[in-house]
Amino acid sequence: MSIEAILGIFFASKALIWILVVMVLVLAIIYLSKSISAKSNEGARNAKRNPGPQRATESFTPEEPTFDEAPVATLSAKKPLSKPEEILYWRLVEALPDHVILPQVSFSRFMKVTCQDRKAYMARFGQISQKTVDYLVCDKAFNIVTAIELDDRSHKTEDDRKRDELFKEAGIRIIRWNVGNMPNAKEIHVVIQEV
């Protein structure tokens, strides 16, 4: 066997040994970190079960939940309209029997963004994608007659102005009624006939 072959085997085996040493160290670090984490979580669980006396000066800092203890968010059904929105909805249905009344409609369902530039398109779409109108009044062919907003104390003047500009740009008339002064069916009929 030549010297070159012996040196090749020697250096190859030495490199292999170093690779094995590094792998063992990495596995040991992973094992120790899991072990420390498990002990820490066990101590936290015991502290929650038996918190013991606390001084008034101590501040409580909740720990991050581990994967197995993460809180579970659940879903349940709720009414899509508030009580005032329900009242106005039924008044709209009564006042406008030849129309379709759509409550809580996303702007992106009735406003279309037109643009060749993807970045500009996404920016403009972002302005409408998370917004909804309280009611969209359509004829039987689903052509938009008007949009209606029921304003309450949560409405902010500046936000309403910006929303109104979006309606104006899209060519959609917007009617605003205050929750404290909602029109009756007859008044609604008169206002919509003027549209």
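If we keep just the residues of segment 142-170 that are over 25 Å from the mean Cα position of the chain (by Cα) and surrounded by 10 or more Cβ atoms within 10 Å (Cβ to Cβ), which is nearest to K83 (Cα to Cα)?
Once the filter is applied, the top-ranked residue is T146.
So which pairs qualify, if the first residue must be in segment 120-141 and more than 25 Å from I87 (Cα to Cα), the second must be surrounded by 14 or more Cβ atoms within 10 Å (Cβ to Cβ), the Cβ gap must be under 6 Å, and the two must be at least 6 apart or on different chains?
Y121/V113; R124/V113; F125/V113; I128/F107; I128/S108; I128/M111; S129/S108
Among (1) part of a helix (DSSP H, G or I); (2) in contact with a Lys or Arg (Cβ under 8 Å, 6 or more places away or on another chain); (3) at pLDDT 95 or above, which single condition is E169 missing?
E169 satisfies all of (1) part of a helix (DSSP H, G or I); (2) in contact with a Lys or Arg (Cβ under 8 Å, 6 or more places away or on another chain); (3) at pLDDT 95 or above except (2).
Under 8 Å by Cβ, and 6 or more places apart or on different chains, what pairs join a residue from segment 15-43 that is closer than 22 Å to E69 by Cβ with one that is surrounded by 10 or more Cβ atoms within 10 Å (Cβ to Cβ) and modelled with pLDDT of 70 or more?
N41/E69
Would you check if there is a residue in segment 89-97 being modelled with pLDDT of 95 or more, charged (D, E, K, R) and under 19 Å from S154 (Cα atoms)?
no
List every residue pair whose Cβ atoms sit under 9 Å apart, with the two residues 6 or more apart in sequence or on different chains, where the first one lies in segment 162-190 and is more than 12 Å from M111 (Cβ to Cβ) and the second, anywhere, is among the hydroxyl-bearing types (S, T, Y) and modelled with pLDDT under 95.
V179/S82
Run E69 past the list (1) surrounded by 10 or more Cβ atoms within 10 Å (Cβ to Cβ); (2) modelled with pLDDT of 95 or more; (3) of a type in the set (D, E); (4) more than 16 Å from R173 (Cα to Cα) and report the number of the one that doesn't hold.
It fails just one condition, (2).
The values are calculated or read from the model by the stated rules, or taken from the named source; none is laboratory data. All values derive from a computational prediction rather than experimental measurement. Virtual Cβ from ideal backbone geometry, glycine too; neighbours counted across all protein chains shown.
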